[in-house]
Amino acid sequence: MRYAKRGPLRFTSHRDFARAFERALRRAAVPIAYSQGFTPHPKISYASAAPTGVGSEAEYLEIGLQAPVDPEQLRAALDAALSPGLDVLEAVIAGEGSLADRIDASRWQLELPGIEPADAEKAVTAFLDSTEVLVERMTKQGRRTFDARAAVTRCAVAGEPDPPSGAVGVRCAIIDLVVRQVTPAVRPDDVLSGLRVVAGLEPPVPPRVTRLAQGTLTAQGEIVDPLDADRGDVGIGER
């Protein structure tokens, strides 16, 4: 399945979404399969969840079922059972292979209110011209320093943008970013830290970050949707 986190629901943590999704499965009477053992759990597998506070149009999960269901009916029932802003966009019958194995890159949109596009261009150029951009982030293992540049395959300022969130007279640079999955993971906020390191670029208000796509990165720099291999002739709903 592909689902989205939109609007204020982008502040939903992965754990909160997981709880909401399990409740939605019960409300929609989905014949979910359970693991074996003393504490059975519903068979749900999530792939590379977006950080809390980040919007997304491309979150993915897999579920195991006890009986066949129509993918579109399942999508519609779960979407209706979740809060608006947590939207189930597509459902397909899974084929061979792991969903996680089909995801090695993400595409992001970074809105930087109060930043002139020309200033963002200069910072992006400095970032891409660097062979290494070291940034720090607090992790579960403590504060770590790592290279934010190596994982970035695309970083470009988009054309003349609309004002952010409908604001009037506010300049806003928009960066189109593609990042490969590496260890440790490089997140959009790490790239923003890198832009601050190399060029002193720092938005006066928090950026708005949205994941636009996940999937396999091709040699041409395109991202292949991980559900493409399973779609076949199955009708998929999208909104």
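General observations
- Taking only Cα atoms of the range 25-85, radius of gyration then Dmax in Å: 13.3, 36
- Percent accessible area from carbon and sulfur atoms, the chain, protein chains only, probe 1.4 Å: 50
- Partners for K43 among lysines (Cα-Cα distance below 28 Å; same-chain residues under 8 apart left out): K5, K140
- For the range 4-49, size of Cβ-based charge dipole, Lys and Arg +1, Asp and Glu -1, in debye: 180
- Helix axis angle, 71-81 relative to the chain longest principal axis, alpha carbon, degrees: 70
- Computed about the Cα centre, the dipole magnitude for the chain is approximately 980 debye when only Lys and Arg (+1) and Asp and Glu (-1) carry charge, each at its Cβ.
- Cβ-Cβ distance of L128 and A67, R₀ of 45 Å, FRET efficiency by 1/(1 + (r/R0)^6): the value works out to about 0.30.
- Between helix 14-27 and the chain: long-axis angle, C-alpha atoms, 0 to 90°, nearest 10: 30
- Taking label positions 7 Å along the Cα-Cβ direction at both E136 and S35, the computed distance is 3.7 nm, reported to one decimal.
- Solvent exposure of the chain amounts to 53 Å² per residue of accessible area, where only protein heavy atoms count and the probe is 1.4 Å.
- The simple spin-label model puts a point 7 Å past each Cα toward its Cβ; for E96 and T218 those points are separated by 2.3 nm.
The values are calculated or read from the model by the stated rules, or taken from the named source; none is laboratory data. The model shown is predicted, which means the values in this text are computed figures rather than measured ones. When we count neighbours, we look across all protein chains shown, and the Cβ atoms used for this are built from the backbone with ideal geometry, even at glycine. Please note that ligands, DNA and RNA were not included when accessible areas were found on the heavy atoms of the full protein model with its side chains. Shrake-Rupley method; radii C 1.70, N 1.55, O 1.52, S 1.80 Å.
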